[in-house]
Each structure stands twice: as structure tokens, then as C-alpha cells.
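The block underneath contains the structure these notes are about, expressed in C-alpha cells.
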Amino acid sequence: MTEIVPAILTNDISDFRKKYAELMALNKYFTKLHIDFMDGEFVPEKSLIPEELGFISVGGRPPPFVLIGHFMTFRPSEYFEQIKRLNFTWALIHFEAFMNDDEILDTIDQGRKLGLKMGLVLNPETPLHITAKILPKVDLVQLMGIHPGAQ
């Protein structure tokens, strides 16, 4: 089955609201929405952060799609409670943002304790085999075709 999963990457709240509204009008064509978060440290660019997106879960009502948070950040677990309050289902973290496997596994555990599904993202040059210890602990692996941080 082919599935379309649109993504939003922006550092401007007005631009986000516009893109989000456009996607809301098209939501019968997809069930998931991928939202990128960048901290300006792991990648040079910054984007909006989850706490700026409170409007997507008005009155505690979940959005019409499954929300996926892609964290191009160091310390992604700092955002997990925020995305959980916004009704995100997924947190995707970058393998390269951590010093060692234990840090990654701890971050995965933190997300799971909040009820998040966890995914691991690999940059193009990262060999899959070095993630062998982590792969059984995640629900999804995303292989980047480009370096993170740009559209």
C-alpha cells in the first residue's frame, strides 16, 4: 500500500498555520502528518518548537491525522511532554545526535514511558549495521536521502 505523508518544515508560525490549513483541507488523502523540529545545534537551522503549535490540539481534540515529530535536535526528549500534550503519536530521533547507544536507548525509553511510538532516523552516510543494538527497540527506521536541516 502506498501512503502519502506530507511534512511541514518552517521557522515561521504564520507559514506553519497556512500550510497546516491547506493540509487540513486535503486530509481525506492522507492519515499522517510529519512535522520537523530543528534546534539550530544538531543542524544549523532552527524551526518552530512544539510549544508554539498549541493551536493544533484545540480543546484537547486530536487533529484528524497521526502526528509525527521528527527531531533534528540534540536532547529531543526535552520536547516529548510537549508533543504528547499536542496529541503526537510518534517521535523520530536522529542516531547521530547521541554520543552512544545507551543515550539513544534511554531517550527511546523516555518517549515510550509517555506513550509515544519511537522511530530512529539515519543520515545518508550512517551505515545501518552500527544501529543493530537499537533497531529492535524502535517501531520505525527512517533513512534520510539528504542531510537533515533543509527542504
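The values are calculated or read from the model by the stated rules, or taken from the named source; none is laboratory data. Remember, predicted model here, so these are calculated numbers, not experimental data. Here Cβ is always computed from backbone atoms with ideal geometry, including for glycine, and neighbour counts include all displayed protein chains. With ligands, DNA and RNA removed, areas are computed over all heavy atoms of the protein, side chains included. Shrake-Rupley method; radii C 1.70, N 1.55, O 1.52, S 1.80 Å.
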Open item on the list: Starting from 0.36 nm per residue, how many nanometres of slack lie between Thr126 and Leu114 once their C-alpha separation is accounted for?
Closed with: 1.5 nm
Task: With Cα atoms, 0 to 90° folded angle of helix 13-25 axis to the chain main axis - done: 80
- [ ] Calculate, in nm to one decimal, what Ala21 and Glu78 gain on full extension: separation in residues at 0.36 nm each, minus their alpha carbon distance.
- [x] 17.8 nm
- [ ] Take a quick pass over the stretch 1-139 and tell me how many lysine pairs come in under 14 angstrom between Cα atoms, counting only ones 8 or more apart or on separate chains.
- [x] 5
- [ ] Calculate, in nm to one decimal, what Ile146 and Asp101 gain on full extension: separation in residues at 0.36 nm each, minus their alpha carbon distance.
- [x] 13.9 nm
Open item on the list: If you fit an axis through the alpha-carbon atoms of helix 101-113 and take the longest principal axis of the Cα set of the chain, what angle between them do you get, 0 to 90°, nearest 10?
Closed with: 40
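Say a site is exposed when it is one of the GluC sites (Glu not before Pro), sits in a DSSP loop, and has at most 12 other Cβ atoms within 10 Å; what is then the longest site-free stretch of the chain? Present the calculation step by step, with values, prior to reporting the outcome.
Details: sites that count: Glu3, Glu41, Glu125.
Between exposed loop sites, the widest span is 42-124.
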Task: Amide hydrogen neighbours beyond the local backbone of Leu116, cut-off 5 Å, H modeled - done: none
Open item on the list: Could you report the accessible area of Phe55 in Å², rounded to 10, computed with a 1.4 Å probe on the protein chains as they sit in the structure?
Closed with: 50
Task: 1.4 Å probe accessible area per residue over the chain, in Å² - done: 54
- [ ] Answer with a single label: of [x] 10, 28, 36, 22, 4, 0; [y] 11, 44, 38, 7, 0; [z] 11, 43, 36, 10, 0, which was calculated as P(r) over Cα pairs in 10 Å bins from 0, in percent from the structure in view?
- [x] [z]
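Report relative contact order for the chain in percent, whole number only (criteria: Cα-Cα under 8 Å, sequence separation at least 6).
Numbers: 253 pairs, mean separation 27.9, N = 151.
Relative CO of the chain lands at 18 percent.
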TODO: Search the structure for amide H atoms under 5 Å from the amide H of Ile8, placed 1.01 Å from N in the peptide plane, and list their residues when 5 or more places away or on another chain.
DONE: His34, Ile35, Asp36
Task: Probe 1.4 Å, all protein chains present, accessible-area order of Asp109, Asp101, largest first - done: Asp109, Asp101
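Near Gln82, within a Cβ-to-Cβ distance under 11 Å, what is the net charge of the other residues, with Lys and Arg +1 and Asp and Glu -1?
So the environment of Gln82 carries a net charge of -2.
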Task: Interchain or long-range residues, amide H under 5 Å from Leu92's placed H - done: Gly69, His70, Phe71, Gly119
- [ ] May I ask for the distance between the Cα centers of the stretch 46-78 and the stretch 108-133, given as a whole number of Å?
- [x] 18
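Let me check I've understood the local charge: for Lys19, count other residues with C-beta under 13 angstrom from its C-beta, Lys and Arg +1, Asp and Glu -1. What total comes out? Write out the running numbers ahead of the final one.
Working: positive: Arg17, Lys18; negative: Asp12, Asp15, Glu22, Asp36.
So the environment of Lys19 carries a net charge of -2.
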